[in-house]
Amino acid sequence: MKRFVLASLGGIIGGVVIATQVTGPLMAQERAQTTDVYEQLDLFGNVFERIRGQYVEEVDTSELIAAAINGMLTSLDPHSSYLPPEDFDDMRTQTRGSFGGLGIEVTQEEGFIKVVTPMDDTPADLAGVEPGDLITHVDGEPLLGLTLSEAVEMMRGPVGSEIIVTIVREGVSEPFDLSIIRDTIRLQAVRVRTEGDTVILRLTTFNEQTYPNLRDGLADAVEELGGIDNLGGVVLDLRNNPGGLLTQAVSVSDAFLEQGEIVSTRGRAEGEGDRYNAQEGDLIEGKPLVVLINGGSASASEIVAGALQDHRRAIIVGTRSFGKGSVQTVMPLRGDGAIRLTTSRYYTPSGRSIQALGVSPDIVVEQPMRAPIEEAEDTQRPQRSEADLRGRLDNGDNLSEEEQRQMEEERERAEEVARLREEDYQLAYALDILRGLTALNGQ
């Protein structure tokens with residue numbers, strides 16, 4: 001018994017020694033880190049006082065602090081930033097679908113301001129701004145060296161005022177200027193039209209109006225076609241859509257899925273994140289679906305494309321998407337401002353992250369450059385057929401009026417597709433795929 005007690009005491013003492021040996025260095029490390037943080041904060045305070053007291057001109061201390069906060073956030077990644085009260089108000093207005101500006105989504109890449117996409121029918125779009133353009137100057141003032149927020153602030157101004165932006169574009173040898181008139185941007189989140197028995201849903205952004213607009217517009221289009229049985233398929237056009245609200249991306253994906261995961265987010269800590277799943281109910285009841293994407297499709301657009309691709313619910317057509325696979329959380333602060341902080345990455349249902357990779361389409365289809373009118377006319381050649389030959393045999397079959405009508409309708413549809421191919425090659429390609437799927441399914 002005495003040996004047992006001694007052995008137990010020895011084990012306890014040994015455990016205390018081991019615990020001391022382990023926790024001692026950890027506590028010392030934590031103390032060193034805390035001391036280092038306080039030293040760095042003291043350094044910041046020292047620099048702040050030097051600037052406030054000795055800078056050549058009097059400075060606004062609130063602007064200094066705001067700049068310091070923004071610098072700290074923008075050093076993390078291109079999407080984290082400080083939102084002063086006025087910017088925070090603008091952001092909340094944008095998610096409701098109406099705001100003032102040029103109508104472009106921009107990011108910062110190696111110090112340059114890069115256009116993610118111009119929004120449909122906005123001043124930037126009408127002026128000819130394209131995805132991938134680099135904006136180097138605003139009204140002759142260089143943007144290099146400015147933060148993203150500072151560059152965006154330079155592009156803001158009163159509605160109706162003119163701004164001159166200098167553009168560097170891949171494939172164009174020299175920079176060039178574009179004149180843009182600022183305007184109030186009222187985004188129509190979803191535009192709906194029909195081509196034959198196909199409904200085309202053009203999504204320009206993911207704001208609070210997106211899913212309700214899609215649901216109602218799709219229902220109206222199906223009703224005009226005479227019911228779901230007369231619907232051949234749907235094209236979901238996400239080209240040049242810069243994204244927006246995660247909740248709306250989930251709702252749009254859920255509109256075409258019956259079950260399964262849509263997207264998951266994973267944060268820094270183990271087990272930190274969320275998982276979003278589809279609810280039963282497909283708005284088009286399993287009809288064929290094609291999704292169009294390009295390099296201007298980002299964030300929420302990529303969530304939708306990735307979810308529908310992983311579930312084999314849609315064929316993805318176009319070019320590789322932008323590759324923004326991170327989630328920003330807006331955190332309100334005292335004083336009516338906020339910070340936009342990257343808090344997690346999102347993953348498609350198969351577990352892939354698209355950060356800096358994008359969504360690769362199932363079928364790669366480039367949008368060709370439109371040829372000049374003169375060149376297009378020169379390349380056109382009259383087409384000849386058997387019907388043009390002298391002495392041809394006539395069709396020996398007696399076609400009924402119904403058969404003749406069907407042939408005429410098929411000819412008109414083919415001519416319509418040919419016309420559309422000249423206007424929008426990618427969209428025409430998507431329609432061709434849907435017609436092939438419909439024929440294959442015997443619908």
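Coupling constants for region 70-87 follow from the phi torsions by the Karplus curve (6.51 cos²θ - 1.76 cosθ + 1.60, θ = phi - 60°), and in residue order they are 5, x, 4, 6, 5, 6, 7, 6, x, 9, 8, 6, 9, 10, x, x, 5, 5 Hz; glycine and proline get x.
Taking amide H as placed 1.01 Å from N in the peptide plane, Asn241 has its amide H under 5 Å from the amide H of Ser297, Ala298, each at least 5 places away in sequence or on another chain. For region 192-208, the Karplus equation 6.51 cos²θ - 1.76 cosθ + 1.60, evaluated at θ = phi - 60°, returns couplings of 10, 8, 10, 10, x, 9, 10, 9, 10, 10, 9, 9, 9, 6, 10, 10, 5 Hz by residue, with Gly and Pro reported as x. From most to least packed by mean Cβ count within 10 Å, the peptides 126-138, 45-57, 239-251 give 239-251, 126-138, 45-57.
Put simply, the amide H of Gly325, placed in the peptide plane, has neighbours under 5 Å in Gln355, Ala356, leaving out anything fewer than 5 places away on its chain.
How would you order 227-237, 358-368 from highest to lowest mean count of nearby Cβ atoms within 10 Å?
227-237, 358-368
Packing around the peptides 144-151, 193-200, 311-318, 219-226, taken as the average count of other Cβ atoms within 10 Å per residue, puts them in this order, highest first: 311-318, 193-200, 144-151, 219-226.
Derived scalar couplings between HN and Hα for region 352-358 equal 8, 9, 9, 4, 6, 10, x Hz in order, rounded to whole Hz, by the Karplus curve 6.51 cos²θ - 1.76 cosθ + 1.60 (θ = phi - 60°), x for Gly and Pro. The slack between Asn441 and Glu423, meaning 0.36 nm per residue of separation minus the straight C-alpha distance, is 3.6 nm. When the Cα positions of Tyr276, Val317, Gln259 are compared along the charge dipole of region 254-340, Val317 comes out farthest toward the positive end, with charges on each C-beta of Lys, Arg, Asp and Glu.
Laboratory data are not the source of any read-out in this text; all were calculated from the coordinates shown. Because the structure is predicted, anything quoted here is derived from the model rather than measured. Using ideal geometry, Cβ is built from the backbone for each residue, glycine included, and neighbour counts are taken over all protein chains shown.
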